[in-house]
Every structure is written in C-alpha cells, then in structure tokens.
1. Filter region 146-165 down to the residues that are surrounded by 14 or more Cβ atoms within 10 Å (Cβ to Cβ) and at pLDDT 75 or above and list them by number.
2. Identify, by number, the condition in (1) under 30 Å from Asp125 (Cα atoms); (2) touching a Phe, Trp or Tyr at 6+ places or on another chain (Cβ under 9 Å); (3) of a type in the set (Gly, Ala, Ser) that Ser68 doesn't meet.
3. Take the residues in region 123-145 that are at pLDDT below 90 and assigned to a loop (DSSP other than H, G, I, E, B); name whichever of them is surrounded by the most Cβ atoms within 10 Å (Cβ to Cβ).
4. Just to be sure, is Arg11 charged (D, E, K, R) and surrounded by 14 or more Cβ atoms within 10 Å (Cβ to Cβ)?
5. Against the conditions (1) in contact with a helix residue (DSSP H, G or I) (Cβ under 9 Å, 6 or more places away or on another chain); (2) free of Cβ contacts under 8 Å to residues at least 12 places away in the same chain; (3) closer than 30 Å to Pro132 by Cβ, where does Ser20 fall short? Just the number, please.
6. Just the residues that are in contact (Cβ under 8 Å) with a residue 12 or more places away in the chain and over 18 Å from Lys75 (Cα atoms), please, taken from region 97-130.
7. Mind checking whether some residue in region 199-214 is modelled with pLDDT of 80 or more, surrounded by 14 or more Cβ atoms within 10 Å (Cβ to Cβ), over 32 Å from the mean Cα position of the chain (by Cα) and not assigned by TED's automatic domain parsing to the domain that holds Arg126?
Amino acid sequence: MNMKSGERYGRLTVVRDLGSRHVECLCDCGTVKIAVRKYLRNGDTQSCGCLHKERVRSVFRKHGDTGSRLYRIWKGMRTRTMNPNRSQAKDYLLRGIAICDEWSDYNAFKNWAMSNGYADGLTIDRIDNDGPYSPGNCRWATHKEQCRNKRNTHVFNYGGKEYKTIKDLCLALRLPYRRTWNRIRRGWPLEEAIEVGECKTGPRRLGQSTRERER
C-alpha cells in the first residue's frame, strides 16, 4: 500500500511515494531521505540518520573517555569476562572469572581507578587469580608485578621465606641468577641449587669451607 504525503514516521514526513519500495521523505532536520517503505512502517527508519548520531553523541558525553587508555582497560575486562567467542574466554569466562555489577558502569570503575593509584604504565591486576574483577580484588600493578602474579608463576620457599621468582630469590640471597636457574631447570633440588657453590676443587655447600668439604 502506497503512503500518502504528510504521513509522519518518527522524524520523517512523507513527501511522495516513489512506487516500488521507496518513499521520499523530509526529515525534521531539513534533510531529504529516500526510505524503504517497509522500514518506515515497522519503525526501523525514524530519521535521515541524525537520530542515531545524536544517540551516539549522548553516549560519548556520558563520560567523555571513549578512546582513552582507562576506557580500553574497562572494555577489555568486559570482553574477557563476557564474550564466549574470544580466544581469552577459556582463561576468564569459562573459569568463572566475572566483573562485578558495580563496574558495569564505567564511571564507577573510573572513580575507583583514580582513587586507587591509577597511572599510565600500570595495568589492572587481580590479587586472587581465581577471583573477580572487583574493587576488593583488584589493584594497579606494573607489568613485572603482574607477571609475578600469574597462575603459572612458581613459588619458591627457602629459609622460611617465599619468593615468587628465581630472580627474586637470587637477588635476596646474592646468588648468580644464570647458574641457579640452570640448575633448577636441570632438575636439581632447590636447596642444592642454592647451597652448592663453585670452587676450583669442586662443588661445595654455601658457607662450607674447603677443608670441611674435603673431609
């Protein structure tokens, strides 16, 4: 059925029916729009396109941060925890890692971030790797700190203290990193890798004199 001149659909006023499927309309903004009759009637077309642009601008005006680094971090969290089609889903969504309801609002996340040490160069880090993205379980960390907090990071216990990496252990005990790491990689027990030193007459334990070793 043809449309009559003067009929209104959203912001569009019919000027004339062009036959076939199309109708010439005048938008409230003054733009002439050739619309598909079916889409006018079902409400899919309501303007020349100006309505969509206004809605997009309205969303951007909400916080003014679209495109900022902090906004990308927030979007990344949501993607990792909500999109089953992403490659990261197995490490987040499928493990039950979620983003808290409070942070579904970007402004709430931004307020937390700015009050808890956010700075360029820092990344968001979950303190408990099996816990959610939430104010109580997140902090801002350097890339190095975050790497130490990964699920596959091996914790080393020695002398009643805990070290997250071999490098930390070597720095604390003033040990040569390359030698210590090579020993552990070859399967040496941790204590031997640490305590067995090197000397011209053969290996000795840390703190053991040459005379004691030769007995």
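The values are calculated or read from the model by the stated rules, or taken from the named source; none is laboratory data. These numbers were taken from a predicted model, which means no experiment stands behind them. Reconstructed Cβ throughout: ideal geometry from the backbone, glycine too, with neighbour counts over all protein chains shown.
1. If the condition is that a residue be surrounded by 14 or more Cβ atoms within 10 Å (Cβ to Cβ) and at pLDDT 75 or above, then Tyr158, Tyr163 are the ones that fit.
2. Result: Ser68 passes all but (2).
3. Out of the qualifying residues, it is Pro132.
4. Yes.
5. The one condition Ser20 does not meet is (3).
6. Asn116, Gly117, Ile127, Asn129, Asp130, listed by residue number.
7. Looking through region 199-214, none of the residues is modelled with pLDDT of 80 or more, surrounded by 14 or more Cβ atoms within 10 Å (Cβ to Cβ), over 32 Å from the mean Cα position of the chain (by Cα) and not assigned by TED's automatic domain parsing to the domain that holds Arg126.
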